[in-house]
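Report on the structure given below.
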Amino acid sequence: MSRLLKFNIFRYTPQDEASVPHMDEFVLEETEALTLFIALNRIREEQDASLQFDFCCRAGICGACGMVINGRPGLACHTKTRDLPGEITLLPLPVFKLVGDLSVDTGTWFREMYHKTESWIHTTKVFDENALEDRMDNEVAENIYELDRCIECGCCVSACGTARLREDFMGAVALNRIGRFLIDPRDQRTERDYYEIIGNDEGIFGCMGLLACEDVCPKHLPLQNQLGFLRRKMGITAIKTLFRK
Amino acid sequence: MQTIYTDVLVIGAGLAGERAAIEAATAGHSTICLSIVPARRSHSSAAQGGMQAGLGNSCMGDGDCPDVHFEDTVKGSDWGCDQEVARLFAERAPIEMRQLAHWGVPWNRVVPGKSTYFKGGQQFEKVEKEENAGLITSRAFGGTAKWRTCYVSDGTGHAVLFTVDNVCAQHGVEVHDKTEAISLIHDGETCFGVVARSLRTGELITYIAKATMVASGGFGRIYPNTTNAVICDGSAHTAVLDTGIVPMGNMEAVQFHPTGIVPTDILVTEGCRGDGGTLLDVNEERFMHTYEPEKAELASRDVVSRWMTHHMREGFGVKSSYGDHLWLDIRHLGEKHITGKLREVYEICTGFLGIDPIHQLIPVRPTQHYSMGGVRTNKDGAAYGLKGLFAAGEAACWDMHGFNRLGGNSLAETVVAGGIVGRKIVEYMEGTEVLFNSRIIDETYAAQKQRIDDLVSGRKGTESVYKVRADMQQALHKGANIFRTQEGLEECVDTLQKVLERARTVGLRTNGKGASPELAAALKLEGQVKMALMVAYGALKRTESRGSHNREDFPARNDRDWLVRTLAYWKNPDDMLPTLQYEPATQVTEIPPGDRGYGKMAVISSDDSKGKEG
C-alpha cells in the first residue's frame with residue numbers, strides 16, 4: 001500500500017461571519033506521479049467542496065498556483081508529493097490580500113505595479129501599417145525575453161524580507177520589469193526616468209540582498225544579477241544627479 | 001445591486017479580448033475586460049509554438065505571402081471554413097505581427113549566414129539572407145507550405161500576452177479580474193451587458209454596456225482529458241446559449257492532440273515525433289508503422305490520435321491508476337538533443353512527472369486540445385441573433401478553422417481577429433444608440449439571484465456538482481471522442497440527457513458563501529451539459545468524416561451533402577436536445593474542395609448528382 005498523506009491546510013473565508021482562521025487536516029492516499037494540483041482537486045471533490053485554491057494552466061506557465069508549501073513559496077502544480085514528507089502543510093502566500101483559504105489576490109497587486117513602473121514601451125514613434133518592422137538584433141530580442149519570462153506568481157514577493165516589512169516595497173518582480181524595459185531599444189525612457197521610479201527605498205535601494213527571491217523563483221530568473229545591475233546603474237545615476245544640481 | 005456602466009464590455013482578458021479592447025479604448029470608449037483570473041494568467045499565455053503570418057523574411061519562408069497562407073488554411077480546414085474570413089485573416093496577419101513588434105514583443109529575428117536545422121531526425125543547412133537581418137524570423141510547423149511561424153523562443157503566447165496587457169494598462173482598459181459573467185442581459189434583440197459574480201466576494205455585479213464581446217477562449221474542460229487550462233470551461237458560452245437566440249457553430253469539430261502526458265494532460269510538443277521520437281505500446285513495441293506504413297508516427301495529428309486510441313481499444317494500452325496510456329520514446333535522440341532542442345519537453349517530464357526522458361519512457365495519450373466550434377459570428381465578429389454582441393478567438397466560430405485547425409493559426413487568430421472585430425465594434429458604437437431597459441436588467445439580476453438561492457438551499461435537489469460534471473465528461477469521452485459511430489453517439493446523447501436532468505437538480509454541499517468554488521462550478525453545469533449535447537448531437541447528425549470529425553460508419557468526406565456549417569441553438573431552457581440548422585460553409589469560394597495533400601481519404605464530390613434532399 002502506498003503512503004497516506006496528511007495535509008494541513010489553512011482555512012478562512014473572510015465573507016463568512018462564522019468562519020475563523022484555522023488549520024484543517026485531510027488524508028489522501030498517494031498515487032503515482034501525484035502533484036499538489038491533483039491532490040487538492042481530489043480533496044475538494046471528495047472531501048470538502050468549500051476548499052478554495054487557485055490553479056489555471058496547471059503546467060507551470062501561468063503562475064496562478066503560488067502557495068507556501070511546507071514553509072516555502074512555490075508553484076503547487078509542479079510540486080510532486082513524492083518529493084515531500086508524508087505530512088504537508090499548505091498556507092496562502094503572504095503579502096497579498098487573502099481571498100479565502102489558499103487563494104490570494106495577486107491581480108490587484110500586480111496591476112498597481114504595472115502602473116507604478118509604467119510597464120509599457122514609451123515611444124514617440126507612430127506605428128505605420130505599410131512599413132516593414134524596425135529591425136532588431138536577435139541577441140537583444142533573446143535577452144529581453146529572458147527577463148520577460150516572469151510569470152507573476154508572486155513567490156519572490158512572498159519570500160522577500162523587505163516586502164514583508166514594508167508594504168510599499170516594489171519587490172524583485174517590479175525591478176526585473178524595469179530591467180526588461182531598460183535594455184529594450186524601443187523604449188525611449190532615459191536612466192533618469194527610471195531613477196524617478198525606482199531610485200529610492202521603495203525600489204532598488206530597499207533591497208537588503210537576502211537572495212530569497214532568486215531562491216524561490218520557479219522560472220529560475222537571474223533576479224539577483226538583475227538587482228545588482230540596476231543598483232549600480234541607479235547608483236551612478238544618483239551621483240550624476242547630485243553633481244548636476 | 002452594484003451596477004457598472006461602460007461603453008464596451010469584454011468577457012475574457014486573453015489575447016483576443018485585450019486586442020479588441022485596445023481598439024475600443026484608443027477610439028475613446030470606456031472599456032472593461034472581465035476575467036476569471038488575473039489577465040496574464042489567461043490561457044493565451046500557455047501557447048508556446050508561435051503565430052502564423054506570411055511575412056516571408058526567413059530563407060525557409062522565402063516567397064511566402066498571404067495567398068499561400070490562405071491556401072494552407074483552407075486546405076487545413078478540410079474546406080469547412082469560411083473562405084472570406086480565411087482571406088481576411090491571412091491578409092491582416094503580417095500587419096498584426098509588426099504591430100506587436102512596435103508594442104514591444106521580442107520576436108526572434110533573422111540572423112544572416114549559415115545555420116543548421118533538423119528534419120526527420122536528419123541535419124540540414126540553410127543560409128539566411130543578409131538583407132533580411134533583424135526582421136521577424138519564422139520556424140517550421142505542420143501543414144504549412146513555408147516556414148511561417150513567428151515566435152518568441154518557447155514562450156510566444158506568454159510574451160505577446162504580457163505586451164498586449166501592458167498596452168491595455170497604458171490606454172486605461174480596466175481588467176476586472178476574478179469576475180465571472182454568469183448571464184447575458186438582453187431583450188431578445190439587443191445585448192445590454194451581463195450579470196457577473198465576483199470570485200473574490202461572491203457578490204453579484206451588473207455590467208451595462210453598449211457593446212459586449214465574448215472572448216473567453218475554448219471549452220475543453222467539458223472533456224475529462226484536455227490540454228486546456230482549468231479556466232477553459234465554457235462558462236461564457238453557457239451564458240450565450242442560454243439566450244436561446246444565438247447559435248453555436250460547428251460544435252462537433254473538436255481537435256485532439258496525440259501526446260498529452262498522463263496524468264495531467266499537459267502537452268508535449270509534436271516536435272518529439274518530428275525529431276524522430278516513436279510511440280510504443282504495453283509491450284514496448286512500435287505500432288504506428290503497422291497502421292500507417294508510410295508516415296508512421298509522422299502522420300497528421302488526427303490520424304495518429306485515431307490509431308493510438310484504436311490500439312488501446314485492442315488491449316495494448318498501459319494500465320495505470322489514471323487509465324490506459326501509451327509510451328512516447330525519445331531516449332534514442334540522446335541527452336544533447338533532448339536537453340537542447342527539446343528543453344521544454346525535458347522540463348515538463350522532470351518537473352511534472354519526475355521522469356527523465358533521456359532514460360525513461362513518457363506516458364502519453366490523445367487529449368482534447370482545441371474547440372473549432374463556438375459562438376457563431378459573421379465576418380465582422382458580430383454574433384448571429386443579438387445586436388451588440390460580438391465574439392472572437394477560440395470562443396468564436398468566426399470560422400477560419402473549419403473542421404481542423406493548423407498549428408500556429410489559433411494564436412495568430414487571437415490578435416488578428418481581436419483587431420478586426422475591435423474595429424468593427426468601434427464602428428458599431430459610432431453608428432448606434434442603445435436604449436437600456438431597466439426592467440430587463442432587474443429581472444435578469446433577480447433570476448440569477450434566484451438560481452443561486454436554489455442551489456444553496458437545495459430546493460431543486462441534492463445532486464453533487466462534481467459527480468454530475470464527471471459523468472458528463474465521461475459520457476463525452478466515451479461517445480464523442482476521436483472515433484465516432486452512430487451507436488456510440490446515440491448512447492452518448494442518451495447518457496447526456498440523463499446527466500442533464502440530474503444537472504437540473506444539483507444542490508450545494510456547502511453554504512456557498514464568499515468566493516465558493518462549488519457555487520461557481522454549479523452555476524455553469526447545466527449549460528456545460530447542453531454544450532456537450534451540442535457536440536454529441538451535432539456529431540451524430542453529421543454523417544461524414546471531415547477534418548477532426550471522424551465517423552467510422554461514414555469514412556468519406558461528403559461535399560455533396562455536408563459542405564455546411566452546423567448551427568446549434570438551445571431554443572427553450574427546458575429542451576432536452578439542441579435544435580440544429582445548417583448554412584453553407586462558405587459564401588465565397590476561392591478554392592473549390594479538393595485533396596488536402598495528407599491523410600488518405602475518400603471524398604464524395606459536390607458534383608455527385610445524387611444529392612440528399614434538395
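Could you run the Karplus curve 6.51 cos²θ - 1.76 cosθ + 1.60 with θ = phi - 60° over region B:519-524 and give me ³J(HN,Hα) per residue in whole Hz, x for Gly and Pro?
Each residue of region B:519-524 in turn: 5, 4, 5, 5, 5, 9 Hz.
On the first, second and third principal axes, largest extent first, how far apart are the outermost C-alpha atoms of region B:119-270 in Å?
61, 39, 32
If every alpha-carbon in region B:1-144 counts as one equal scatterer, what log10 I(q)/I(0) does Debye give at q = 0.13 1/Å?
Treating every Cα as an identical point scatterer, log10 I(q)/I(0) equals -0.77.
Quote the convex hull volume per residue of region B:225-343, based on C-alpha atoms, as a whole number of Å³. Can you show the working numbers first?
Numbers: hull volume 17.3 nm³, N = 119.
Per-residue hull volume (Cα only) is 146 Å³.
From other protein chains only, count the Cβ atoms within 10 Å of every residue's Cβ in B:218-231, then give the mean. Mind showing how you got there, number by number?
Values: counts 0, 0, 0, 0, 0, 0, 0, 0, 0, 2, 2, 8, 11, 6.
Counting other chains' Cβ atoms within 10 Å and averaging over B:218-231 gives 2.
Under the rule of -39500 (n - 2.57) per DSSP H run of 4 or more residues, summed and divided by the residues of chain B, what mean residue ellipticity at 222 nm is obtained, to the nearest 500 deg cm²/dmol?
-10500 deg cm²/dmol
Under 5 Å between amide H atoms, partner at least 5 residues away or on a different chain: which partners does A:VAL99 have, H built in plane at 1.01 Å?
Placed amide hydrogens put A:VAL104, A:ASP105 under 5 Å from A:VAL99.
When the dipole is taken about the Cα centre of the protein assembly as shown, and only Lys, Arg (+1) and Asp, Glu (-1) are charged at their Cβ, what size is it in debye, to the nearest 20? Provide the component values of the computation, followed by the final result.
On the way: 95 positive and 116 negative charges, 214 e Å.
Approximately 1020 debye in magnitude.
Take the alpha carbon gyration tensor of region A:102-245, find the square roots of its eigenvalues, order them as a ≥ b ≥ c, and report rounded if a/c is under 1.5; if not, report prolate when a/b exceeds b/c, else oblate.
Details: a/c = 1.78, a/b = 1.27, b/c = 1.39.
Here region A:102-245 falls in the oblate category.
Hey, can you grab everything whose amide H is under 5 Å from the amide H of B:GLY193? Only 5+ residues off in sequence or another chain; H modelled, so Pro and N-termini drop out.
Answer set, sorted by chain and number: B:ILE185, B:ALA209.
Would you mind working out the magnitude of the charge dipole of chain B relative to its Cα centre, with +1 at each Lys and Arg C-beta and -1 at each Asp and Glu C-beta, to the nearest 20 Debye?
I would put it at about 840 debye.
Residue by residue, what Karplus-based ³J(HN,Hα) values in Hz, rounded to whole numbers, does region A:176-191 have, using 6.51, -1.76 and 1.60 with θ = phi - 60° and x for Gly and Pro?
4, 4, 4, x, 5, 6, 4, 8, 8, x, 6, 8, 8, 5, 8, 4
Any number yet on Rg/Rh for region A:51-98, C-alpha, Kirkwood?
Rg/Rh for region A:51-98 comes to 0.95.
Filter the trypsin sites (Lys or Arg not before Pro) in region B:289-349 to those in DSSP coil with at most 13 other Cβ atoms within 10 Å of their Cβ, and list the result.
B:LYS319
Round to the nearest 10 and give me the degree value, 0 to 90, for the angle of helix A:36-46's Cα axis relative to the longest principal axis of chain A.
Compared with the principal axis, the helix lies near 40 degrees.
What is the ratio of the Cα radius of gyration of region A:98-187 to 2.2 N^0.38 Å, where N is its residue count, to two decimals?
Relative to the 2.2 N^0.38 Å estimate, region A:98-187 comes out at 1.35.
Restricting things to Cα coordinates, could you compute the convex hull volume per residue of region B:411-455 in Å³?
85 Å³
Quick one: putting +1 on the C-beta of Lys and Arg, -1 on the C-beta of Asp and Glu, what dipole do you get for region A:30-172 around its Cα centre, in Debye to the nearest 20? Please list the in-between numbers first.
On the way: 14 positive and 24 negative charges, 111 e Å.
Computed about the Cα centre, the dipole is about 540 debye.
How many angstrom lie between the Cα centre of region B:430-452 and the Cα centre of region B:537-561?
40 Å
Which far-off residues, 5 or more places away or on another chain, put their amide H under 5 Å from the one on B:ALA396, with H placed in the peptide plane?
B:VAL375
Which longest uninterrupted range of chain A lacks any GluC sites (Glu not before Pro) assigned by DSSP to a loop state (not H, G, I, E or B) and surrounded by at most 12 other Cβ atoms within 10 Å?
For GluC sites (Glu not before Pro) (loop position, at most 12 other Cβ atoms within 10 Å), the longest site-free span of chain A is A:18-128.
Partner chain Cβ atoms within 10 Å, averaged over the residues of B:19-27 - can you pull that number for me? Write down the numbers at each step before the final one.
On the way: counts 0, 0, 0, 0, 0, 0, 0, 0, 0.
That works out to 0 on average.
What are the ³J(HN,Hα) values, in whole Hz, obtained from phi via the Karplus relation 6.51 cos²θ - 1.76 cosθ + 1.60 with θ = phi - 60°, for each residue of region B:110-116 in sequence order, with x given for Gly and Pro?
Values, residue by residue: 5, 9, x, x, 7, 7, 10 Hz.
Give me Rg over Rh for chain B, both radii from the alpha carbons and Rh done the Kirkwood way, two decimal places.
Taking Rg over the Kirkwood Rh, I get 0.95.
Within a Cβ distance under 12 Å of A:HIS22, other residues only, what is the Lys/Arg minus Asp/Glu net charge?
-2
Output the peptides B:272-281, A:5-14 sorted from most to least packed, where packing is the average of other Cβ atoms within 10 Å over each peptide's residues.
Going by the mean number of other Cβ atoms within 10 Å, highest first, we get B:272-281, A:5-14.
log₁₀ I(q)/I(0) of region B:347-391 at q = 0.16, 0.18, 0.24, 0.30 Å⁻¹, via Debye over equal Cα point scatterers, no solvent, to two decimals?
-0.59, -0.63, -0.87, -1.01
Kirkwood-based Rg over Rh for region A:1-48 (C-alpha set), two decimals?
1.06
Counting each pair of different Cα atoms once, what's the Kirkwood radius of the protein assembly as shown in Å, rounded to one decimal?
Final number for the Kirkwood radius of the protein assembly as shown is 27.6 Å.
What average count of beta carbons from other chains do you get within 10 Å of the Cβ of residues in A:139-151?
5
Here, each number is a calculation from the coordinates, and none is a lab measurement. Note that the structure is a prediction, hence the values are computed from the model and not measured. Cβ atoms come from the backbone with ideal geometry, glycine included; neighbour counts cover every protein chain shown.
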